[in-house]
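Only one structure is covered here, and it is reproduced in the block below.
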Amino acid sequence: MDPDAVAKAFVEHYYSTFDANRAGLANLYQEGSMLTFEGQKIQGSQSIVAKLTSLPFQQCKHNITTVDCQPSGSGGMLVFVSGNLQLAGEQHALKFSQ
Amino acid sequence: MNPPINTQFWMGSAGLASLNYCVTALLFDGSNSDKQKEKSMDPDAVAKAFVDHYYSTFDANRAGLANLYQEGSMLTFEGQKIQGSQSIVAKLTSLPFQQCKHNISTVDCQPSGAGGVLVFVSGTLQLAGEQHALKFSQMFHLMPTPQGSFYVLNDIFRLNYA
């Protein structure tokens, strides 16, 4: 399968799920998964989803500008995303990389 | 010797033995034959040492980055895909500026499984003669070498525009 196609499909699924219902991200992570969010280190699907669902906003919209991917060895894939995040009620969008 | 608690937290199933190296700047110059093992290694320390070495080498002499990459290394530079140390260094040394200075704002890292380390960097890039610094993000995937060092398997660079 084309790695670029996998990355694109993943990115669309991840951010549309995030924007619609963050709890739905749970099955994308496993027990050994790690999230570093603005410097805070979190491990395991349960803790990761708890962190994401507790972020202090109700609604948000991710607008994706760039998606780069590379095979990472051992069958894995690296996906590098940049874009902006619009929070409901905020005038200016936040820029992010992930 | 048990690794410190924060290292254990991150090791998971990646394997403690594969990260059993001593972190010094010597790890990245390719000429180190001194294997300083039997000392616990903190992924954050590896990441910090790598970032310091990479950007100071980039800013002083880009050709010196060659021994950080191997034949299977991949660079995606502003969307352009390049493979192999020779092609990667050719790309970096041909960038259209003589002098530059990277100022690093954030460095995050995680073990990547298979003994590797993911390093995620953000900062600014000041080109000589330009009034405004450019903002960038860059991701590295470092893999261990048999000699007890690390090389860059994956490298993705993006400028962050307004």
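Just checking the output field for B:107-117: average partner chain Cβ neighbours within 10 Å of each residue's Cβ? Mind showing how you got there, number by number?
Details: counts 1, 6, 2, 6, 2, 6, 5, 5, 0, 4, 0.
Per-residue shielding by partner chains comes out at 3.
More than 13 angstrom separation, counting every C-alpha pair in segment A:1-52; what % is that? Before the final figure, lay out the partial values.
On the way: 811 of 1326 pairs.
Here the long-distance tail beyond 13 Å is 61 percent of all Cα pairs in segment A:1-52.
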Original post:
Using 7 Å Cα-to-Cβ label points, what is the residue A:30/residue A:17 separation (nm, one decimal)?
Top reply: 1.5
Original post:
Taking only C-alpha pairs under 8 Å that are 6+ residues apart, what is the relative contact order of segment A:3-97 in percent?
Top reply: 22
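How big is the dipole moment of chain A about its Cα centre under a simple scheme where the beta carbon of each Lys and Arg is +1, that of each Asp and Glu is -1, and everything else is neutral? Debye, nearest 20, please. Don't skip to the answer; put the middle values down first.
Working: 6 positive and 8 negative charges, 50 e Å.
Here the size comes out at about 240 debye.
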Subject >> Sequence-distant aspartates and glutamates (8 or more away, or on other chains) whose Cα lies within less than 15 Å of residue B:135 >> reply: B:78
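For A:63-72, what's the mean count of beta carbons from other chains sitting within 10 Å of each residue's beta carbon? Mind showing how you got there, number by number?
Numbers: counts 0, 0, 3, 9, 1, 10, 4, 12, 4, 10.
Counting other chains' Cβ atoms within 10 Å and averaging over A:63-72 gives 5.
Once you have the Cα-Cα distance between residue B:81 and residue B:95, take 0.36 nm times their residue separation minus that, and quote the gain in nm to one decimal.
Values: separation 14, 0.36 × 14 = 5.04 nm, distance 1.48 nm.
Going from the current span to full extension adds 3.6 nm.
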Original post:
Using r as the Cβ-Cβ distance of residue B:59 and residue A:92, and R0 as 35 Å, what FRET efficiency do you calculate, to the nearest 0.05?
Top reply: 0.60
Subject >> Inter-chain shielding of B:77-89 (mean C-beta neighbours from other protein chains, 10 Å cut-off) >> reply: 1
**OP:** With a point put 7 Å past each Cα toward its Cβ, work out how far residue A:51 is from residue B:159 in nm, to one decimal.
**Re:** 3.1
**OP:** Please sort A:36-44, B:130-138, B:149-157 by packing, taking for each peptide the average over its residues of neighbouring beta carbons within 10 angstrom, highest first.
**Re:** B:149-157, B:130-138, A:36-44
Original post:
Sorted by packing (mean other beta-carbon atoms within 10 Å per residue), highest first, where do A:24-34, B:73-83 land?
Top reply: B:73-83, A:24-34
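Every read-out reported here was derived from the displayed coordinates using simple, explicitly stated rules and does not represent laboratory data. In this text, all values refer to a predicted model and were calculated from it rather than measured experimentally. Counting neighbours? That spans all protein chains shown, and the Cβs are built from the backbone with ideal geometry, glycine included.
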